[in-house]
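Q: The structure under discussion is supplied below as structure tokens; questions concerning it will follow.
FYI, it's all coordinate maths here, none of it is from the lab. Worth saying up front: this structure is predicted, and the values here are computed from it rather than measured. Ideal geometry is used to build each Cβ from the backbone, glycine not excepted, and the neighbour counts take in all protein chains shown.
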Amino acid sequence: MHLTSNTEDRARGDIDATQAAAAEAIRRPIGVWTEWPRGAGWTNEGMTRLLGFIIEGAALHRQYIVHVFVARHISAEVRADLGCLRATAGLDYVIQTSADDVAENFEIEHLIDAANSMAICGWIVLYPYMRNATRLVSPVAVILPDANPIQFPNFGDDAWDAQGAHTVWRRQVAQMVGSANRVVTFSKHVADNDANKYFSIPRQRIDVIPHAPPNLLHLLPFVDPAQKTSESVALAAHIVRRHCVRRGWRFLEQFPFEETRFFLVSTQDRTTKNLVRAVQGLDLAIRGLGLDLRMFTTAPIHAGIGWTQFPAAIEAAGLQHDVVSMHNLPRETHAALYHCATFAVHTSLFEGGQGPFPFYEAVSVGTPCLIADGPHARELLDGEPALRPFLFDPYDAVELARLMLKVARDPADALAIQREVVNRLGDVSWQDVAAAYARSALAPAGAFAKHDRQLGQDEELRSWR
């Protein structure tokens, strides 16, 4: 079928072939379907991080092997990213892509043919606009993270024309979620509003599967998550500088990450991410409150581009040397940058889950996080009111600056409170979550078992394993 996969790793001796064959004989194959646009990045996207956590959970579960179908142009980046997981290529997951002799314009057709010729028991579609998954023959569960192009559109002359970006997105999503056996959301607010309101998906066909708390501590084994030490921060700073040398970021090759007070905004630059507010908060914190502070972000800075106000906000505030982009970081470097930060900030107006990934990730490596208020934060706050002091109005830069000052003065106190919250939420593991996704992927047409749960109430999930 002109398909290549990382089963080739076995021939190089990366894993034991007998062990892999034995695992495949008893593990049920689950497919993950992706259609990655050329030019789009894979590393540290929210959904690709989620996929990594699911694969790690499935590796612990040992009942499933995950086949990830990707376009050839992104396959090297995918291999490098998934290779950092606590999972074994060829044993816990397999990356499937077309061979080099397949023409790019025929690649989707070959991947679909190959996917349907394999004994895949069920599918997870990573994004709801990946409409070619409607042609898969095994049961399909499609993830609907949100309906942000509808709620938070990019305004333009042709966005809602017949072939405009938002019109096409909505049409593709409606086609995909309408044909899928199950639709997965991360929260009740997306299930009840986005999925049901915008796409008329019957509530009994939606599985709500909140995330387990992401934990990056295994990437930094020298870190005590309860407290930072000068030694651990120095080691993390060395990891970050080493990556800067590899990338040719000369300005950062000798940067004193361990000595600089900065906050990290780990996100992409999109309409909902509200990055302008982080810049405004930084400006007020420096000039209005006298706080010595810098901002690092994993979002790229697209100077001169009209669809985002982020670069213009930096320029207007004169913070070109105080806001630094470190885009497309590998997982270890990303975790190390979190550890070096004084605190993290998540300014997003809306997230599809119960609380944002950066909150859990930062706390897992010893750094507190400030979170913009929104439906995602309120759903988390319902069970964890102790987080209320760390929420801010996403439209109020003054409130954000004041909160920055407060946490910068005593990050250890903020961390202690937030660690208790994360520890309580940790009763549900990624092994549980992986089992829930497998359950949705394997559900036959007409199966309307209700999978809703709240974080911490995981008995039903555990019974699925």
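Q: About the Cα centre, and with charges only on the beta carbon of Lys, Arg (+1) and Asp, Glu (-1), how big is the dipole of the range 217-425? Nearest 20 debye, please.
A: Taking the Cα centre of the range 217-425 as origin, the dipole is about 440 debye.
Q: Another question about this same structure. State to the nearest 20 debye the size of the charge dipole of the chain about its Cα centre, where the only charges are +1 on K and R beta carbons and -1 on D and E beta carbons. If you can, show how the numbers build up before the last one.
A: Details: 44 positive and 53 negative charges, 81 e Å.
It works out to roughly 380 debye.
Q: If we count other beta carbons within 10 Å of each Cβ, what is the order of 121, 340, fewest first?
A: 121, 340
Q: Sticking with this structure for a sec: Quick one: Cα convex hull volume of the range 98-139, Å³ per residue?
A: Working: hull volume 3.4 nm³, N = 42.
Looking at the range 98-139, the number lands at 81 Å³ per residue.
Q: I'd like the distance between the alpha-carbon centres of the range 93-109 and the range 363-430, rounded to an integer number of Å.
A: Going from one Cα centre to the other spans 43 Å.
Q: Using the number of other C-beta atoms within 10 angstrom as an exposure proxy, rank 382, 432 with the fewest first.
A: In order of increasing Cβ crowding within 10 Å: 382, 432.
Q: Counting only C-alpha contacts under 8 Å and six or more residues apart, can you give the relative contact order of the chain as a whole percent? List each step's numbers first, then the result.
A: On the way: 865 pairs, mean separation 81.3, N = 465.
Dividing the mean separation by the residue count of the chain yields 17 percent.
Q: Suppose every K and R has +1 on its Cβ and every D and E has -1 on its Cβ; what is the size of the dipole of the range 219-325 about the Cα centre, in Debye to the nearest 20?
A: Dipole about the Cα centre, nearest 20: 280 debye.
Q: Along the charge dipole of the chain, pointing to its positive end and built from +1/-1 on Cβ of Lys, Arg, Asp and Glu, which listed residue (160, 441, 394) has its Cα farthest out?
A: Checked the options; the winner is 441.
Q: How would you classify the range 60-153 from its alpha-carbon gyration tensor, with a ≥ b ≥ c the square roots of the eigenvalues: rounded for a/c under 1.5, else prolate if a/b is greater than b/c, otherwise oblate?
A: rounded
Q: Per DSSP H run of at least 4 residues, take -39500 (n - 2.57); add these up for the chain, divide by its residues and hand me the 222 nm value, nearest 500 deg cm²/dmol.
A: -11000 deg cm²/dmol
Q: Identify, among 257, 383, 291, the residue whose Cα sits farthest towards the positive end of the charge dipole of the chain, taking +1 on the Cβ of Lys and Arg and -1 on the Cβ of Asp and Glu, with the dipole about the Cα centre.
A: 383
Q: Still on this structure, please answer the following. Rg and Dmax of the range 217-425, Cα atoms, in Å?
A: In order Rg, Dmax, the Cα atoms of the range 217-425 give 15.9, 46 Å.
Q: Could you let me know the centre-to-centre spacing of the range 37-73 and the range 121-161, using Cα atoms, in angstrom?
A: 17 Å
Q: Still on this model: Just want the ordering: 188, 406, 197, from fewest to most Cβ atoms lying within 10 Å of their own Cβ.
A: Going from sparsest to densest Cβ surroundings: 197, 406, 188.
Q: To continue, here is another question. At a threshold of 8 angstrom on Cα-Cα distance, excluding pairs fewer than six apart, so keeping six or more, what relative contact order does the range 302-444 reach in percent?
A: 18 percent
Q: Under DSSP H, which helices of the chain have Cα atoms covering 20 Å or more of the helix axis and a Kyte-Doolittle average no less than 1.6?
A: none
Q: Find the percent of Cα-Cα distances in the chain that exceed 32 Å, and round it to a whole number.
A: Details: 42509 of 107880 pairs.
Roughly 39 percent, rounded to a whole number.
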